[in-house]
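Inspection log for the structure reproduced underneath, given as structure tokens.
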Amino acid sequence: MTPTSSANDRAIVVTGASTGIGEASARALAARGFRVFAGVRKPDDAERLAATEGIEAVQLDVTRAEDIAAAAELVEEWTGDRGLWGLFNNAGITVSAPLEFLDLEDLRRQFEVNLFGQLAVTQALLPQLRKARGRVVNTGSVGGFVATPVLAPYCMTKFAMEGFSDALRMELAPWEIEVSLLQPAAIATPIWDKGVSEAETQRHSGPPAMEQLYGPLLERMQKLVGSQGRGAAPPSVVADAAVHAFTARRPKTRYVMGTGARLRQVLRRLPDRWRDQLMLRSFHWTRGSRA
């Protein structure tokens with residue numbers, strides 16, 4: 001498909017379309033003429049999105065096999081022999097905690113949504129994508145190549161998404177299915193408010209030892225997340241990248257965007273010790289300070 005060709009008979013599935021990046025991308029793709037199946041979990045979100053021409057809201061919790069199967073069946077009824085042009089794996093949550101006190105059930109939930117659910121949806125829709133020689137776009141993060149203390153659970157899934165996307169791109173090459181990875185930095189979405197709220201809850205509900213050992217780090221993290229949220233780029237910058245990935249003759253394998261993205265790219269290239277020092281200073285959490 002070229003940037004100028006018609007998209008009227010092409011469909012794209014977007015997971016995590018209720019708010020933020022997913023919603024902005026669903027609307028942008030629909031505006032370009034695609035038929036967008038927007039995956040949501042709440043009826044209110046479905047009603048709001050369905051009011052936009054070109055968008056059909058679909059009940060799709062990526063951790064529920066029955067939701068995935070029903071969505072795949074619905075999409076196949078619409079696409080038929082044409083197949084599915086695109087899948088945008090965007091659903092995601094953020095879990096935060098020092099690794100020493102991380103609840104393993106919370107970590108499993110993080111991976112279920114951010115990684116295993118994305119793979120399950122991809123597996124279900126690949127037969128339809130293969131028919132159309134379509135495209136897969138995954139939402140990664142700059143946290144997938146530079147880890148952040150306390151946000152380790154989230155970063156772990158985004159590091160994994162790097163490997164998932166690279167391997168999938170190579171495995172699907174014989175069918176000319178393109179795979180692109182979006183790597184946003186700070187984007188103004190509800191995830192920031194949720195992150196601040198969850199961090200505050202964890203500080204009050206966690207064991208006393210967590211506050212005793214990591215209190216200053218947790219406090220600094222809350223402040224940084226709040227300030228990054230206020231200075232974050234709009235979701236439209238990611239939506240623009242998603243549109244390019246689904247419409248360009250030769251899409252990029254990686255798209256980096258958002259506030260602070262360039263700094264993260266610089267940090268990525270530094271020796272580990274240098275990068276650690278710079279990151280730790282930003283958190284006022286220097287080596288040996290708690291010894």
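The values are calculated or read from the model by the stated rules, or taken from the named source; none is laboratory data. Just so it is clear, the model here is predicted, and its values are computed rather than measured. No Cβ is skipped: glycine too gets one built from the backbone with ideal geometry, and neighbour counts run over all protein chains shown. Ligands, DNA and RNA are stripped out before the accessible areas are found, and what is left, the full protein with its side chains, is counted by its heavy atoms. Shrake-Rupley method; radii C 1.70, N 1.55, O 1.52, S 1.80 Å.
Here residue 289 meets each of (1) of a type outside the set (Val, Ile, Thr); (2) modelled with pLDDT under 95; (3) not in a loop (DSSP other than H, G, I, E, B) with one exception, condition (3). Scanning region 253-262 for residues that are touching a helix residue (DSSP H, G or I) at 6+ places or on another chain (Cβ under 9 Å) and on the phi < 0 side of the Ramachandran plot yields 253, 254, 255, 256, 257, 259, 261. Taking region 103-131 as the range and being under 16 Å from residue 14 (Cβ atoms) and among the aliphatic types (A, V, I, L, M) as the test, the residues that pass are 113, 120, 121, 124, 125, 129.
Among the residues of region 79-125, what is the count of those that are among the polar types (S, T, N, Q), assigned to a helix (DSSP H, G or I) and under 18 Å from residue 143 (Cα atoms)?
Residues of region 79-125 that are among the polar types (S, T, N, Q), as a first pass: 79, 89-90, 94, 96, 110, 114, 118, 122-123.
Of the ones still in play, those that are also assigned to a helix (DSSP H, G or I) are 79, 110, 114, 118, 122-123.
Okay, now just the ones that are also under 18 Å from residue 143 (Cα atoms), so 110, 114, 118.
Going through region 79-125 one residue at a time, the tally reaches 3.
In the set (1) open to solvent by 10 Å² or more (accessible area, probe 1.4 Å); (2) outside any loop (DSSP other than H, G, I, E, B); (3) not polar (S, T, N, Q), residue 147 fails one condition alone, (2). Residues that are more than 14 Å from residue 86 (Cα to Cα), over 15 Å from the mean Cα position of the chain (by Cα) and crowded, with 17+ Cβ neighbours inside 10 Å within region 29-40 are absent altogether. Only one entry in 249, 275 is open to solvent by 40 Å² or more (accessible area, probe 1.4 Å), part of a helix (DSSP H, G or I) and either touching a residue at least 60 places away in the same chain (Cβ under 8 Å) or on the phi > 0 side of the Ramachandran plot (or both), namely 275.
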